[in-house]
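Data block below; observations after.
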Amino acid sequence: MHTLPQQLANGLFLGSMYGLIAIGYTMVYGIVQLINFAHGEIYMTGAFGALAIYTNLPSSLSIWAALPLMLIGGALVSVVIAVGAERLAYRPLRNAPRLAPLITAIGLSLALQQAVFNWYPDAKSGKRFPQLPGGPFHIGSVDVQSGDLFLLGAAVICMLALGIFVRSSRTGRAMQATAQDPDTAKLMGVDTNRIIIIAFAIGGFFAAVAGLASGLKYGQIQYNMGFQAGLKAFTAAVLGGIGNIYGAMLGGLVLGIAEACATAYIANVPGMEQFGGGAWAQVWAFVLLIVVLLVRPQGLLGERVADRA
Amino acid sequence: MTDLPIAAAEEAAAATAGHSTRRTAPFIPLPVTAARATTLAGAVITTASTFMSWTYTTDFPGDLTVSGYPGGLQVMTLIGALLTGVVALGTFGLKGLRWLNPARTNNGVLLLALATLGTTWYTVIDIAAKLGGFANLDPGGIVAFIGALVLFAGALALPLDRHPEEAADTEYYELGWFEQVTPVVRGYAWLREARLHHSELRVPDTRKLNPWLQRLVIVVVYALGLKILTFGLATDYSDIFIGYLIVVAIGVWGLSASGLIKQFQQLTQHNKRFAGTIGVITAIAYPFAQNNELWANLGVYVLIVATVALGLNIVVGLTGLLDLGYVAFLGVGAYTAALVSGSPFSIWSGTQFPFWAAALAGMIAACVFGVLIGAPTLRLRGDYLAIVTLGFGEIFRIVVRNLDGVSGPKVTNGPNGIAQIPDLSIFGYNLGDTHSVGSFTLGRFANYYLLMLVITVIVVLVFTRAADSRIGRSWIAIREDETAATAMGINGFRVKLVAFALGASLAGLAGTVFAHVTNSVVPDPYQFSGPVPPNSAFLLAAVVLGGMGTVSGPILGAALLYVIPQKLGFLSKYELFAFGIALILIMRFRPEGIIPNRRRQLEFHEDDAPAPGNRPMGDDTVPATTAGA
Amino acid sequence: MTTTIPQQPTPAGAEPGGALLEARGVIMRFGGLTAVRNVDLTVNKGEIVGLIGPNGAGKTTFFNCLTGLYVPTEGTVSYQGTVLPPKPHLVTKAGVARTFQNIRLFANMTVLENVLVGRHTRTKEGLLSAIVRGPGYHRAEAQSRARAMELLEFTGLADKAEHLARNLPYGEQRKLEIARALASEPGLLLLDEPTAGMNPQETRATEELVFAIRDQGIAVLVIEHDMRFIFNLCDRVAVLVQGEKLVEGSSDVVQNDERVIAAYLGEPFDATSQDDTAARETPGTDQAEGTTSEQENDR
Ligand SMILES: Nc1ncnc2c1ncn2[C@@H]1O[C@H](COP(=O)(O)OP(=O)(O)O)[C@@H](O)[C@H]1O
Ligand SMILES: [Mg+2]
């Protein structure tokens, strides 16, 4: 059970989820230098959106048939909230000092969490989420659940699609330009507001995918699941080099694998017997972040930004 | 208790910059004399109505059935109407009454009329809603309803003074389609222009007044402030408290627009020592004026969160560092104090430090953690600090939970925390006991209130003195432009570390008292956001709501954020939701906070054309396309 | 007043005042772009040296290398014989102060406070003394204020001491930057386009100001596009083109050098006529370009 390949696989799945959420942080940050604190909640609402669709579908429908509908429902909720937040809450503060939108984001995060807590039926404690049938599969010495496979597959597809979009579409290139220098991009005729909306929308969509996948993986979702996940994902984004979409995915994977391995192996280190196990996973993730920032302040794939004087 | 010593500077700047206001046509076209008459008539009618009976049953909170003197919510209407009338009189140019409206504008009158209208109509509609229909109104209620309307109509017929620039597009935010179609937003935008910037208000120089008269005014105003505060706290129904909030909030806005607040600020500015002393005396008077353990309890907690918010303000407001895990330093202080308190649940249950030593230990421990967190991260870009502090805040709670002897070594007792922390005893004065002073009794919370007040005063002194010194200037310089600051010889890393460590130590100090007030420490309050106040989001919100970089701002912000939810009991279920929405709205409509740092105020509201090197968002990446690069 | 200087880079120490600042072989690369190529420059005591060149020539980048804002890829900068560490605050402490091309004042501080910040390295009061406020603190603070007011007097901003820096007109903001830099009691002052955006009168006043600064024994290295300003002012002028020092010499020499004229008018100059062409890497580069194209950061 506790073999190294198994831990690596666990880390890989966990990391794909962090990576998916981290994309939203990193894209928004890259373009408007905003830490969209509410992004964790957008992930959470995506999961609840998917669940809401599922509960309203006829129970005769198989989970495989329901899956696309759940994805659409969750994505709709997440994207609408993400774009709405940008349009109504963040955009008016585009020229305000950076703390203002951050506080707005914190407020939004609280409000979304509490809205689900108060008004989603019976969401005060965990909600059961449908599970994918089949599995666990045994691949070598590794046990894999079908939820994990869905997560991994979704992450790979999303990343590939995003990579192609950013690299070869007109909008994608405009997005890169805006990230590098919004003022110049605007002068060059890029509609920066539209680009920002698209960044929020893509982030929201990926968060919804992650939300759905995490529901399938754990079989349960909670109104406050966004905070921890958001914190981890943001850590992943910083680890990978904030602003860099590949960095976000890499950061997620590194963080996930480190967490899985730390949980399993730290206790074997002499003198650290008491610091292993899931209770300390967060702590080791955080230590990793500090170490990476010390050694490579710009993150794994980030570029050093020199301040031009 | 005012901000950095720049008020005078600002005045001078405004005078030479040629700021002048524009008098605009009123909303309702009437000759000025008619408008004034209507306003006064409205004020008189409304005032008179509060001496009548508004409803015939005593079922409505606060007994409004009595004729002959005002009661409950009628008091709010009365105060609003009187203030409006008086401030309106100040604009008539009558000799001896001009000081009632030092800025000589009708803007304040309009806002005060709005406050009166708001609270009166709220009351009348609340009566109708609670008792089932307008039929439950006595004639007095109807008179009040109409009187307030007449008053407001009269005020709307007075010409307003506006900003010299053209209307809404001078706001730093754009009015998009959403705002255009939202009457509330537009109405607000229209109204907020009625609040001229302090720098645009010309008020007479108070230095000409007899110095004793100046001091008298200060004493009276502080006493009134205490009276208003205790009145609000003592309201026993949410309904009355809401009426009170309407009058106070919009009323203060109105007083500010009429220049009275600026005038008073000028007064305190010129009598700094005296005003400070009276401020402290007023604060000491609080547990005596409100001789009740419940309010003393409220007072202690307000002081604790206010003090911690002030410490955070050094880090966020002065130095511009984003600390999202600040509450952990409060926790470090609290846990340190708990461990050395002699509590039977502490691993060192034998040791009991005297308070001064415990306070010192708490400060030092928090400071050490501050340096440990700050040293590796303060060299990095600002946003990294945000994530690291956020992580640290979470880690603190998790570690404290885990150090229970099962998941980790036994230090903190895990989720159960350290209970039975004995009360403090200072110079033989046990803070847990009830003491009597003259005819007053000081209960446990009153004792702690007074102790906490000492600490708050210390923190205020540290803040003001540090802010106005070599080190404080270097903090502000770093906040303004870190590159330029280092090029001026400031060792950015060291100076930031000092700010960070100082902020942490002050939180640690407050934490030591916190541990004793609550008798026990548990991990849960020290989280990023949550239903109970000392959490990082709450503290940050207090700083931003009150006004970053100011002394009084965070104190006021913390007090409001703490007290208002307590008084609005019906909200309790949705408290956090309301808090979140409130944060969004406050940032949307008043991002500079209630008490804007004068520097900030300019930064937020001036159009940004002549701003040198000032790009508020993303300070770290200066635009590549510089003028004539 | 003007010392005739050989056309080639002067070896240090030959000048009356002795070398104050010596930059040796400074190279600055940003990814694939080399903004400064192997530049040597010496500034002697009491000198006013000009640094000119077309936009994008690397003048500001060179300044940043001198002041520690950038760590040069190669080369050293020494001041009064000791090598400067590439940390801005240490450079300022050592005695080199600067202004910025795109004004970087502390916008929301008053004019006086801006200058007081400039005094940072020459004062010591820490947090503790600020809180305790003993007599020593008050004395030091009063001294700082007096010195700052003197400087405001000197730059003609004294009557605006209590204004917010952001409310000053453009020309005065530039002056304030100079006053702020002078507050650190430098031996060498670096000015990056001090007259950009000024009208002719203001430019004249700035000229006077620079002379007055020099008369106080402070050497000045100044970047400017206004040639009249430069040639009136400078004892020596160095020309930077595409990151390379093309010519250095007295005003007359530089003014009449056809390569300089070519560089400014944008005509291709013959690269082979240069003595040190070693630094040029790609022979095929289009040298007619006035500015180096910005192709860095191609992610
Ligand atoms: N931080 C930086 N990163 C990348 N390129 C830079 C940076 N700073 C300057 N450059 C480039 O170096 C070149 C020289 O710029 P600069 O020194 O500002 O020229 P000048 O001051 O002579 O007009 C320009 O091509 C500019 O784009
Ligand atoms: Mg330049």
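A few points about this structure:
- Positive-end residue, segment C:106-185 charge dipole about Cα centroid, Cβ charges, pick of C:L128, C:V117, C:A165: C:L128
- Stokes-Einstein diffusion for segment C:106-185 at 25 °C, viscosity 0.890 mPa s, with a Kirkwood radius from C-alpha pairs, works out to 193 µm²/s.
- Span from the segment A:198-213 Cα centroid across to the segment C:49-114 one, whole angstrom: 45 Å
- Sequence-distant residues sharing a close amide H with C:L240 (under 5 Å, placed H): C:I52, C:G53, C:L246
- Descending Cα extents along the principal axes, segment A:4-261, whole Å: 54, 41, 30
- Dipole of segment B:488-597 [Lys/Arg +1, Asp/Glu -1 at C-beta], most positive-end residue of B:I594, B:A558, B:L506: B:I594
- Interchain or long-range residues, amide H under 5 Å from C:V222's placed H: C:V49, C:G50, C:L51, C:L191
- Per residue, the accessible area of segment A:4-261 comes to 35 Å², computed with a 1.4 Å probe over protein heavy atoms only.
- Ignoring lysines fewer than eight residues from B:K262 along the same chain, the ones with Cα atoms less than 20 angstrom from its Cα are B:K208, B:K272.
- Interface B:A - total buried accessible surface [probe 1.4 Å, Å², rounded to 100]: 5600 Å²
- Space enclosed by the convex hull of the alpha-carbon atoms of the protein assembly as shown, per residue, Å³: 206 Å³
- Antiparallel bridges, percent of DSSP beta bridges restricted to the protein assembly as shown (to nearest 5): 70 percent
- Distance between segment B:31-60 and segment A:162-188 - C-alpha centres, whole angstrom: 62 Å
- The fraction of accessible area contributed by carbon and sulfur in the protein assembly as shown is 63 percent, rounded to a whole number (1.4 Å probe; ligands and nucleic acids excluded).
- Volume per residue that the Cα convex hull of segment C:166-244 spans, once the total is divided by residue count, Å³: 113 Å³
- Straight-distance candidates among the lysines for linking to A:K232, with alpha-carbon spacing under 18 Å and chain neighbours fewer than 8 residues away dropped: A:K217.
- Distance between segment C:178-212 and segment B:387-404 - C-alpha centres, whole angstrom: 52 Å
- Straight-line cross-link partners of C:K124 among the lysines, defined as a Cα under 18 Å from its Cα and at least 8 positions apart when in the same chain: B:K496, C:K93.
- Dipole magnitude for segment B:271-604: computed about the Cα centre from +1 point charges on Lys and Arg Cβ and -1 point charges on Asp and Glu Cβ, it is near 620 debye.
- Ordering A:T3, B:N416, A:G172 by the projection of their Cα atoms onto the charge dipole of the protein assembly as shown, which places +1 on the Cβ of Lys and Arg and -1 on the Cβ of Asp and Glu, puts B:N416 at the extreme positive end.
- D_trans [Stokes-Einstein, Kirkwood Rh over alpha-carbon pairs] for segment B:245-354, 4 °C, 1.567 mPa s, µm² s⁻¹: 72 µm²/s
- Taken about its Cα centre, the protein assembly as shown carries a charge dipole of roughly 2520 debye when the Cβ of each Lys and Arg holds +1 and the Cβ of each Asp and Glu holds -1.
- Length, then width, then depth: along the principal axes, the Cα atoms of segment A:173-237 run 49, 20, 17 Å.
- Along each principal axis, Cα extent of segment C:111-151, largest first, Å: 28, 16, 15
- Mean Cα-pair separation over length for segment C:106-185, i.e. relative contact order, pairs under 8 Å, 6 or more apart, %: 54 percent
- Segment B:271-604 pair-distance distribution - Cα-Cα, 10 Å bins, rounded %: 6, 26, 35, 24, 8, 1, 0
- Distance histogram in 10 Å bins (all Cα pairs of segment A:111-202, percent per bin): 13, 24, 21, 25, 15, 2
- Per-residue HN-Hα couplings for segment C:125-131 [Karplus 6.51, -1.76, 1.60; θ = phi - 60°; Hz; x = Gly/Pro]: 3, x, 4, 4, 5, 5, 7
- Convex hull volume per residue in cubic angstrom - Cα atoms of segment B:359-436: 151 Å³
- Highest to lowest packing among B:466-476, B:432-442, C:96-106, B:267-277, scored as the average C-beta count within 10 Å: C:96-106, B:466-476, B:267-277, B:432-442
The values are calculated or read from the model by the stated rules, or taken from the named source; none is laboratory data. Note that the structure is a prediction, hence the values are computed from the model and not measured. FYI the Cβ positions are ideal-geometry reconstructions off the backbone, even for glycines, and counts take in every protein chain you see. Accessible surface is based on the protein model in full, side chains and every heavy atom, while ligands, DNA and RNA are left aside. Shrake-Rupley method; radii C 1.70, N 1.55, O 1.52, S 1.80 Å.
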